[in-house]
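For reference, the structure discussed in these notes is given below.
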Amino acid sequence: MKAIYPGSFDPVTFGHLDIISRAAKQVDHLVVAVLHNPDKKGLFTLEEKVELLKEVTKNIENVEIDSFSGLLSDYATQKNCSTMIRGLRATTDLEYEMQMALTNRKLNKEIDTLFMVSSSEYSYLSSSTVRQIAMFGGKVSCFVPKVVEDALKDKFEEAYDNGRRA
Ligand code: COA
């Protein structure tokens, strides 16, 4: 069985890695796909998100990292894959996730979404929290892998330098 785990991954956190590593054990092939959520203003570029995901999943054999600009339902058709994986951190995620799952099924009736419950230690985690902590120079090593921590540091140092020069 093949499945797609779509998301913004801005940036990938230990919470996403928890879902990726557990989902990869349940399927033959897992495509982790970076898609665009137009409601969100991103920090990392699509290419940077893909590179970070490739680096942190390099030891999981059956995981492929990909990206797509467009609707998830069209991407599913292009990849010839109808199974979506989404993580549920808390019941508060449910309403949004159900809306997305039902809309995707309306757009492409083959699509089914399987939900995985996040491990409890990551149930409070989100990429925006991590971005905010990093922005103010806080420690993010317990939330993200080292390569992501370094990338966040670079991003905010770059922004600080540009701001100072302006
Ligand atoms: N651990 C830690 N954090 C998690 C998590 C987990 N297991 N699961 C979700 N999150 C966090 C993410 O970090 C993210 O945090 P943020 O909001 O602070 O950035 C948040 O939960 C949800 O993000 P994500 O899972 O990336 O979903 P999303 O809502 O940003 O985007 C897409 C989902 C990209 C798949 C969706 O927007 C999409 O399909 N876009 C393409 C266009 C489309 O088809 N639109 C119609 C959809 S019905």
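The values are calculated or read from the model by the stated rules, or taken from the named source; none is laboratory data. Being a predicted model, the structure only gives us computed values, none of them experimental. When we count neighbours, we look across all protein chains shown, and the Cβ atoms used for this are built from the backbone with ideal geometry, even at glycine. The accessibility values were calculated without ligands, DNA or RNA, using every heavy atom of the protein model including side chains. Shrake-Rupley method; radii C 1.70, N 1.55, O 1.52, S 1.80 Å.
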Practice task
Mind grabbing the accessible area of R105 for me, 1.4 Å probe, Å², rounded to tens?
Solution key: 110 Å²
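For the chain, what does -39500 (n - 2.57) per DSSP helix run (n ≥ 4), summed and divided by total residues, give at 222 nm, in deg cm²/dmol to the nearest 500? Walk me through the numbers on the way to the answer.
Numbers: 6 runs with 78 residues, N = 166.
Helix contribution divided over all residues of the chain: -15000 deg cm²/dmol.
Can you compute the charge dipole magnitude of the range 10-166 about its Cα centre, using +1 on each Lys and Arg Cβ and -1 on each Asp and Glu Cβ, nothing else charged? Give it in debye, rounded to the nearest 20.
Working: 20 positive and 24 negative charges, 56 e Å.
Computed about the Cα centre, the dipole is about 260 debye.
For the range 36-87, which GluC sites (Glu not before Pro) are both in a DSSP coil and crowded by at most 13 other Cβ atoms within 10 Å? Mind dumping the intermediate values first?
On the way: sites: E47, E48, E51, E55, E61, E64; in loops: E61.
Answer in residue order: E61.
Relative contact order for the chain using alpha-carbon pairs under 8 Å, separation at least 6, rounded to a whole percent?
Details: 220 pairs, mean separation 45.3, N = 166.
About 27 percent, as a whole number.
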Practice task
Among T57, T92, T83, determine the one that fluctuates most according to a GNM of the chain built with springs between C-alpha atoms less than 10 Å apart.
Solution key: T92
Completion exercise
By the C-alpha gyration tensor axes a ≥ b ≥ c (rounded if a/c is under 1.5, else prolate when a/b exceeds b/c, else oblate), the shape of the range 2-123 is rounded
Exercise for the section: Give me the distance in nm between label points sitting 7 Å out from Cα along the Cα-to-Cβ direction at E61 and T91, one decimal. Expected result: 4.1 nm
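First select every other residue whose beta carbon is under 13 angstrom from the beta carbon of L53; then total the charges, Lys and Arg +1, Asp and Glu -1. Could the numbers behind the result be given before it?
On the way: positive: K49, K54, K58; negative: D10, E47, E48, E51, E55, E64, D66.
The answer is -4.
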